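The values are calculated or read from the model by the stated rules, or taken from the named source; none is laboratory data. Worth saying up front: this structure is predicted, and the values here are computed from it rather than measured. Here the Cβ is made from the backbone with ideal geometry for all residues, glycine too, and neighbour counts use every protein chain on show.
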Amino acid sequence: MIRHPHAGEDARRIAEAGTVLLTQVGSGVHGTAIDGQDDRDELGLCLEPVEFVAGLARVRTPGGREIGFEQYELHTAWSRSRGLAEPSGPGDLDVVVYSARKWARLALAGNPTVLLPLWVPDAEVVEVTAAGAELRAGAERFASRTAGRRFLGYLRSQRDAVAARRTRARSGGASYAAKPATHALRLGLQGLELLRTGRVTLPVPPPERERLRSVRRGEWERRDVEAWIADLEADLAAAVERSDLPERADRVWLDAWLTRSHREFWAR
């Protein structure tokens, strides 16, 4: 039995009833997926019933505990023999639906993954309501130097993963950890675009997209990958300081959206 606290039936019902936006967010939407090697990641947000916001209602977890609702998760890998210990693999589906209030907190903090549903192309939108469309239309309100710093922090985390997982070149194999290297480079490119233009283009435009895919396929020398990461890190750190974007996202606008959207949802 799945006992992850956010996988319960109570959480599923809230997510399904209140979802305002759900999109693909993984390598498929970035344009860096390699055929047969990737799972599918979806991320969204939902409005909560009034008793979970104004009252003390809680959801029951698969383990029988009662907790406040913050998100719902579905990972098809969990249905296999190892349960929660089973990592996602090619063809698996990973879904996270946050409460709108938790999503808002993460978005205000500039979380790169949480911001992606604002920018994905229409073809990658799985579900959207009028409230979700309004949120996407206001995407520029989330562009900030704070977000730029988070992109930089995520880049450095993936850079460290590359350094920690150096591999010896094998016949037909890469001499570096290809997946975190690709993530680090993508974050650098997207962070720079955000700071310079106030948005992120998805998928990554050419020619950088093909360069990222070749890194993912393990076709580069390790020193060249690490040099590109270092260049992007330096450029992104400098861009954070030079950017004309506001320091923080538009909290006043987002607060008004949350309040209005919840009230309209409850009225229905």
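The set of residues in the range 186-238 being of a type in the set (Phe, Trp, Tyr) and assigned to a helix (DSSP H, G or I) consists of Trp228 alone. Scanning for something more than 21 Å from Glu134 (Cβ to Cβ), surrounded by 20 or more Cβ atoms within 10 Å (Cβ to Cβ) and of a type in the set (Phe, Trp, Tyr), does the range 61-70 turn up at least one residue? Scanning the range 61-70, I find at least one residue that is more than 21 Å from Glu134 (Cβ to Cβ), surrounded by 20 or more Cβ atoms within 10 Å (Cβ to Cβ) and of a type in the set (Phe, Trp, Tyr), so the answer is yes. Could you tell me how many of the residues in the range 1-50 are of a type in the set (A, V, I, L, M) and without any contact (Cβ under 8 Å) to a residue 40 or more places away in the chain? Here the count works out to 2.
Within this structure, Gly44 fails the test of being of a type outside the set (Lys, Arg), within 28 Å of Leu212 (Cβ to Cβ), within 23 Å of the chain's Cα centre (by Cα) and not in a strand (DSSP E or B).
Test of understanding: among Val125, Val225, Val204, which residue is touching a residue at least 60 places away in the same chain (Cβ under 8 Å), surrounded by fewer than 22 Cβ atoms within 10 Å (Cβ to Cβ) and of a type in the set (Val, Ile, Thr)?
Within the list Val125, Val225, Val204, the selection yields Val125.
For the range 170-191, the candidate set comprises residues that are among the aliphatic types (A, V, I, L, M) and modelled with pLDDT under 95; within that set, the residue that is nearest to Phe142 (Cα to Cα) is Ala178. Quick one: would you say Arg242 is at pLDDT below 95 and not hydrophobic (A, V, I, L, M, F, W, C)? The answer is no for Arg242.
Condition check ((1) outside the structural domain of Gly91 (by TED's automatic domain parsing); (2) among the basic types (Lys, Arg); (3) in contact with a helix residue (DSSP H, G or I) (Cβ under 9 Å, 6 or more places away or on another chain)) across all residues:
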residue	(1), (2), (3)
His4	yes, no, yes
Val20	no, no, yes
Gln24	no, no, yes
Gly28	no, no, yes
Asp39	no, no, yes
Glu51	no, no, no
Gly55	no, no, no
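Say whether the condition of being closer than 24 Å to Leu106 by Cα, assigned to a helix (DSSP H, G or I), within 23 Å of the chain's Cα centre (by Cα) and free of Cβ contacts under 8 Å to residues at least 24 places away in the same chain is met by at least one residue in the range 164-181. For the range 164-181, residues closer than 24 Å to Leu106 by Cα, assigned to a helix (DSSP H, G or I), within 23 Å of the chain's Cα centre (by Cα) and free of Cβ contacts under 8 Å to residues at least 24 places away in the same chain: present.
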